[in-house]
Every structure is written in structure tokens, then in C-alpha cells.
1. Within segment C:41-82, count every residue that is among the polar types (S, T, N, Q), assigned to a helix (DSSP H, G or I) and either at pLDDT below 90 or farther than 11 Å from C:Gly214 by Cβ (or both).
2. Being open to solvent by less than 20 Å² (accessible area, probe 1.4 Å) and assigned to a loop (DSSP other than H, G, I, E, B) is the filter here; which residues of segment B:149-187 pass it?
3. Does B:Ile16 satisfy the criteria of being open to solvent by less than 70 Å² (accessible area, probe 1.4 Å) and of a type in the set (Val, Ile, Thr)?
4. Can A:Ile110 be described as of a type in the set (Val, Ile, Thr) and outside any helix (DSSP H, G or I)?
5. Failed condition for A:Ile159, given (1) free of Cβ contacts under 8 Å to residues at least 60 places away in the same chain; (2) outside any helix (DSSP H, G or I); (3) more than 10 Å from chain B (Cβ to nearest Cβ); (4) not aromatic (Phe, Trp, Tyr), with all others met?
6. Taking segment B:115-148, which residues are acidic (Asp, Glu) and open to solvent by 40 Å² or more (accessible area, probe 1.4 Å)?
7. Are any of the residues in segment C:61-82 within 9 Å of chain A (Cβ to nearest Cβ), closer than 22 Å to C:Ala198 by Cβ and either under 16 Å from the mean Cα position of the chain (by Cα) or not β-branched (Val, Ile, Thr) (or both)?
8. How do the pairs read when you match residues in segment C:250-270 that are in contact (Cβ under 8 Å) with a residue 24 or more places away in the chain with residues anywhere that are surrounded by fewer than 23 Cβ atoms within 10 Å (Cβ to Cβ) and among the charged types (D, E, K, R), using Cβ under 8 Å and keeping only pairs 6 or more apart or on different chains?
Amino acid sequence: MKVLMALLSSKQIAALTLFIVVTASVPVFGGTYAASILIIVLSFIALVSAWQIISGYAGYILLGSAAFYGLGMYMSALLTPILTLYGAIPASAAVCFAAALGLGVPFLRIKGPYFIIATLALGELIRNIVTFTETNYFRTLGRITIMYDLTTILYLLIINAVAVILAVYFIKNSKFGLGLMSIKNDEIAAESCGIPTTKYKLLAFGITAVFMGSTGAIMASRAGYIDPDIAFPAYISIYTLVMGIIGGLGNLIGGIVSAIILTLLFEIFLSMGNPYPFGILLGILLILSVLLRGKRVTLLRIFRMQKITVQKPLSPAK
Amino acid sequence: MTILRLNKIDKRFGGIKALKSVDFEVEEASIAGIVGPNGAGKTTLFNIVTGYYKPDGGYVIFDNKNITGLKPHQICKMGIARTYQIVRPFKDMRVFDNIMVGAKFGRPLDKRNPEKWAREVLEFTGLINRANEFARNLTFTELRRFEVARALACNPKILLLDEVLAGLNPAEVTVACEMIKKINKEFNITIVIIEHVLKGVWALAEKVMVLHHGEKIGEGKPEEVFKMKQVEEAYLGTRWEAVA
Amino acid sequence: MVIEAVGYTLTIGMRLIVAGIIIGSAYALGALGLTLIWGGARIINYAHGELVMIGAYVSFWLFTAFKVPPPLAIPFAAGVAAVIGLGLYLGTIGRLTRAPEEMESYGLILTFALMILLSNSVAWMFTSDIQVYRWMMVPIDFFAVSTLLNRLMIPIICLPVAGIVLALMNKTWFGRGISLVIDNDQVAGLVGVNVRNAYFGILTIGTITPAIAGLAWSFNYPFSPFIGIEHAILAFVVVILGGLGSPKGSIVGGLLIGIIETTLVYLISPGLRLAIAYSIFILVILLRPSGLFGRK
């Protein structure tokens, strides 16, 4: 606590305390429905904040959040019976970290738009492989998970979200963060300024995966039942990216705000029984955030678009 | 004492020999020049020294250590910094943060404070009043100085400058040359400078190597190299007026 | 005994190749559009799969509502795709400057937004249910390979269309202008090509071809508003394999992917069809990003 006091300004501590108090009191005053929506909001806050590390700071736009989220879910489903959820969360996160390091070695050599498509393919690939193994070797499509009660899940997700936010905040202001931002701007120049780019990219990818995995691990015990379509849905990858981009690449607060607003909007549309207008709205918001970047449009000012720098892609073959 | 020694460096790209058995030695605290026409292999040589390319033959000795095959960031940490012919600023970061990258990730600064050192570098290169500007907003000449500043911030023992004078007007060239000399004298940093034409390094370098089609065709003091027959032939008809 | 075994293998091989070409011709035609837009307009079209999906839905709608046979629906599918493609392009990407930096970063986010927008719009109109309709589903023997007539209609529709596009590219002045723009738009402008018109041509062809491929797909396999991602990734595989901006490469690549896919599916398991395609994609992007036929 003392360390936190020294590193954060009093305003930031106040904001963080307010966040914790408000979210933690929702099940007390708001009832089950509000709590169940808050759970989704909190998981997206964690996902989008974790996404900022590899995409917002290091510039590798990840469209495969579902891969780590789902891996966390499955590891949690497997490990919770042995370790309880409290042991399964860090264990799943550790597995995700290892997986990210292994996958990162080839994937982080892919640049620009290719990285985006490749990570999209990765998420879909893993979903297909898990479906295949489950149906062919385990003769089942889904798995029953051990459920924990709503309040426990909610408090775990609050702790998880606060941990990601703090981690991302400290990374941003650290030497590591400076290195990542240099990589985003110009990887070659970063390397020649003495930044161990490969190591930094891998570490950033690993930390992103840790928090996506821990979020998935907690959500597994909320779901009660998981199958590949629940664990690796493409919409997790897409929404995380959209929230990150609308909130601003590398903009921690912007990402959190857009996660809150967009998740709530989605829930409103869903409760009306038709989620598709939300998708249309999302597309329009994304288009506007690109077209109106830099302009002073009141509604979109919190969604301030930052200059996007992606890694230089390969030139087309001639 | 020799600080950098290139020994029989070979480099091929596909079937093309970019460098053929190039030897070169640089004395500590000196200024050396590498000149040659386009495609002579000058930048390739820098890329080999800084670890971007692995040579197909030969080795690089820096500070009595064989650095061939090390990664670029390791080489930077050992004390070789470089600039790029086409500038590569971290565009969306402030000038000060750009310089801080060099100060924090370059060769360790012993007990000096990185922020103080970054400020010192900015003052030295005359960019201190632009410190809070985003690097993308710098002018062309400022960017040239900026590249040198960021490399200097890496606290190198040896600084490789790739055509830093190109595109500057005569007055700016004079200022830049003064700055390079001062870096050499005040910070005691060895400098290797690539130039397209001999004139560029005439006033600066104590020793010059001329490359042509990847081969060393002359080496010595600028005025000696200038008189060499083969050097004359390499340039004749293309850049002779500019050289003379 | 040996002869029988060889004969058996040959029959199997034949069957796989025919099946591969059948499915590959749809991949080829779809990817042709992607490679043109990518190479020519420098836009990585993430909404590519949505164009395939829209082609499928136009055909489905005309068939179920008005009994229009799919081949006759081609002009409608092409028209709808072209209007959507050009309209959305003008409203969004056309507003960016043509600086490659902007195109690469913002362009891909815009097409990504279009992807979300289009799939959800169609889901709103037609629900997100998986749709199937039957047309020409009669067994037929083709080169000793027994298949279904509707399967055979895929190459019968796709290959001539691809041929027409290739002929257009190679034989007409307008098409050569497009090829020049793909090669180098600045030089193309200097030698008198109307670059603006060429871009419109590229976008029109680039949006029409995936829609026609989707039309051919629709009376063979089930589809939903969210099949776009799958088709987009498959098209990316083909384009990367064939080399960006190379129309011939995308056709060869499409057929090749079709054959590889059917062979691997036969050897391993049908449950891994997409997993195989995605693995091929990731491998190609890692090992040979400039494509099999692309020059570096």
C-alpha cells in the first residue's frame, strides 16, 4: 500500500478507490441483474486494458484476444477441481504466459496488417482444434465447470481489473513502457538505440496474455458450462480491438471508458432482444472515430482517436 | 590504439557481392571517413558493424572484442551508436523522450542521471527549446541534428554517421562539421562518417577509405586519396565536379 | 493386385483433385477481388468475407422469394455488392488521403468497421440463423467421379467469370491501366492512365468477384451472416500464397488451396477443414510472406 501511495498521485488513488467502492457495492444495492452486467463490464475492462500493452504500446494490433481468454477458461475448467478457483487463476495465467511466449516467437516477427490477420486466424484455429479434440477424443462438446457465487466472481473480477489497470499504468511510465513505445514508432531504430526488441515484445505479449487468461479463468467459474464457442468467440477478439481503438491506442482511461459504455449499450440492445443494431452502431462509431480524428466533436471527444502507428507492413508483390 | 577493426568482411545479397574482403581500422578518438559512389557498400558496412547483417566472411573487432554476430541492441550497449541516412525518429514521441530512449537503453551511464544527460545532449545539439515538441514536427535540418543527438545520447565510444551532411546548405554544413568535431574532442568519441563525396569529409577526417562496388580502392589521408588514380576513375564522369 | 492398388489410389487422387478444383474455383474467384483491392488500391479489405456473404444472401433471397435460379441472380448479386462496395468506399476510405501510411493503418480499421457493420446489418434483416437452400442437387458422374450437379455448378459459374476478369485485365486498355496502377500508381499516372477511374474499376471488380463466389457457395453449403471471417481468412491464404496484386497468382493459389484442403481433409479429418486452412495461412505468412509467385 505504501508503495502505491508513493507511485500514484492522490487523485489517482481517489479515482481507484471510488472505482473499487462503486463496483464492490453494486451487488449490495443493485441486485443480481446489475451485478451480472457489471461482471461483463469488468471482464471487458480487463481485456481491453491488457490489450493496450501489446497493441496500444508496442503497436502490434492483436485480434486474437479470444485465444488467451479461452485458454484461461479451459485451464480453469481443468484446474479448478484440483486447485480451487483461487489456485486455478494464477495457474491458468501462467499457462497463458507460457503459451504467449511460445506463440510470440514466430508471431511477433509478422508485421503490420499481417499480424492482425494472423492473430485472428490463430484464435479461430485454436477454437477449431479444441472443438475437434473435444468431440473426437473426449467424446464431448462442452465441459461443466465448478460455479462460484456471483459476489465472489464479482470481487475476483474487481481485483483482476484493478491489477491490470495498475500493471498497465506502471508499464506505461516505466523504462519498459518507453521501450515498447519506441518499438511501436520504429522497431529498427529502437533496436539500434539498445532496446532488446525481441525480448520486450515477447514480454509485452506475455503480460497481455496473463491478464486475458486470468479474466477467462474467472469467467469459467461464472459460466458453469463451457464449450469452444463460449470460450473462443470471435466477438471477444473483435470487441476488445474495437474498444481499444475507439478509446484510443495506448489510452488506458479511454479504453476503460469505451469498455464501460459499449458493454452497457450492448446489454441494452440485448435486453431488447436484438443485438444486431449494436453491431451496426459499433461499425459506425469505429468509422467515425477514424474519420473525425483530431476534430472537436463533443460526443466523440472522450473517444479521442490517437495517431495509429502499426508496424511497417511488407510491400505488395509487383 | 585501434578501437574498431574490420577484417576481410564479405557480404553477398543473392548473387551480388556487396562487399569484397574489406579491411578497415579506426584509431581511438579519431575521425575516419568512408566515401564512395551510390551502391558502393558503405551503408552495408555500417549494417554489419551494428549487427543488422551477419557478414558472410570476416569479422569485426571492437574494443578488443569480437562483435560479429551479436544483436544490434547488444552492440549499442557496448558503445557503438549510429544514425540513419533516412532519418528514423520515434515520430509520435516527444523529442525529449526520444533522447531519453538513447540515454536509458544505450551504453550504461555509470552514475550519471539519464535525464540530466539527455538535457545535456539536447543543449549540445541546440535542440533544447524543441524538447517538448513531437518528433514528427521537427524540420529537415533539425531532424538531422536530432538523429545525431539520439545516437549521442546512447553514450557511445564510437559514433557511426551515415550521410549526415547530405541535403544541408553550405552554412549548415559548416555548423554540422563544427558539431561533429566538438563531439570528437569534448566527449572523446571516435567518429566514422559516411559521405557520398570526398569533399564532405575533406575537412573532418584524418583518414579516409574509398569503396567502389564493394571493394576498397583507396585508403589514407584525404589529400592522398584524392590523388589516387583508381579513385579518380571511380568518380570520373559522375561526381568529379562535386569532388573538385 | 498391385495394379488394383494403383488404380484405387489414382481414383482417389482424381476424386480429390476434382473436388479440390470444384471448391478451389470459388476460393480463386473470391480471392481475385481481394488481391486486386490489396495490390491496386492498397486496401486490405477485411470486409471481403462480408461481400461473399452478401452474394450468398442475394442469391438466397431471389431464389426463395422469386424462384430465380442462381446463375440468373449473378447480375443482381454483382450489382448489390458493387453498390455497397463503392458506396461505402466513397463514404469512408475515399475520404482518407492516399498517403500509404494512412491507407495501411486507418484503411484497415475502416474495412474492419465495415465488416462489423455489414454482417450485423444482414443479421438484422435475415436473422443470424444458418441458411440452406437446394438447387440442382442431383447426383452426376463426372470423369468417373460421382458428385452432385450443384457442386459442379461452382466451377461452371466461377471459372468463366475469373476468365473474363483476367481477359479484361490483359486484353483491354482499361485493364492494362489497372495492371499498371497495381504495379506503380504514380508511374501509371505519368504515362496517362486515369488513376481515379482505374481505382473505381479495381473496386468494382474487387467487390463483384467475391459476391459471385458467395453466390456459387450459397446453394452448396450452409451459410449465416457471420461466415465472413472464415471466407476472409481463406481468401487471405490464397492471396498471400499467390502473391499480392497478382490475379493469376490468386487463381492458381485458389485452386491449389482447394486441392490441398480436400486432400488433407481426406487424409486427416473433415472436422479439421478450417483448422487446416488456418494452419496453411499461418505457415505461409511465417515462411514466405511474399507468396509463392510474388516477387520480393
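The values are calculated or read from the model by the stated rules, or taken from the named source; none is laboratory data. Computed from a predicted model, the values in this text were never measured in an experiment. Note that each Cβ is placed from the backbone with ideal geometry, even for glycine, and that neighbours are counted across all protein chains shown. What goes into the accessible areas is simple: the full protein's heavy atoms, side chains included, and nothing from ligands, DNA or RNA. Shrake-Rupley method; radii C 1.70, N 1.55, O 1.52, S 1.80 Å.
1. Narrowing segment C:41-82 to residues among the polar types (S, T, N, Q): C:45, C:59, C:64.
Adding the requirement that they be assigned to a helix (DSSP H, G or I) leaves C:59, C:64.
Cutting the leftovers down to either at pLDDT below 90 or farther than 11 Å from C:Gly214 by Cβ (or both) gives us C:64.
Summing the residues that are among the polar types (S, T, N, Q), assigned to a helix (DSSP H, G or I) and either at pLDDT below 90 or farther than 11 Å from C:Gly214 by Cβ (or both) in segment C:41-82 gives 1.
2. Answer for segment B:149-187, where residues must be open to solvent by less than 20 Å² (accessible area, probe 1.4 Å) and assigned to a loop (DSSP other than H, G, I, E, B): B:Cys154, B:Asn155, B:Pro156, B:Glu163, B:Val164, B:Leu165.
3. Against the criterion (open to solvent by less than 70 Å² (accessible area, probe 1.4 Å) and of a type in the set (Val, Ile, Thr)), B:Ile16 does not qualify.
4. yes
5. If we test A:Ile159 against (1) free of Cβ contacts under 8 Å to residues at least 60 places away in the same chain; (2) outside any helix (DSSP H, G or I); (3) more than 10 Å from chain B (Cβ to nearest Cβ); (4) not aromatic (Phe, Trp, Tyr), just (2) comes out false.
6. If the condition is that a residue be acidic (Asp, Glu) and open to solvent by 40 Å² or more (accessible area, probe 1.4 Å), then B:Glu115, B:Glu120, B:Glu123, B:Glu133 are the ones that fit.
7. Keep residues of segment C:61-82 that are within 9 Å of chain A (Cβ to nearest Cβ), which gives none.
No - not one qualifying residue is present in segment C:61-82.
8. Pairs that qualify, where the first residue is in contact (Cβ under 8 Å) with a residue 24 or more places away in the chain and the partner is surrounded by fewer than 23 Cβ atoms within 10 Å (Cβ to Cβ) and among the charged types (D, E, K, R), are C:Glu261/C:Arg273.
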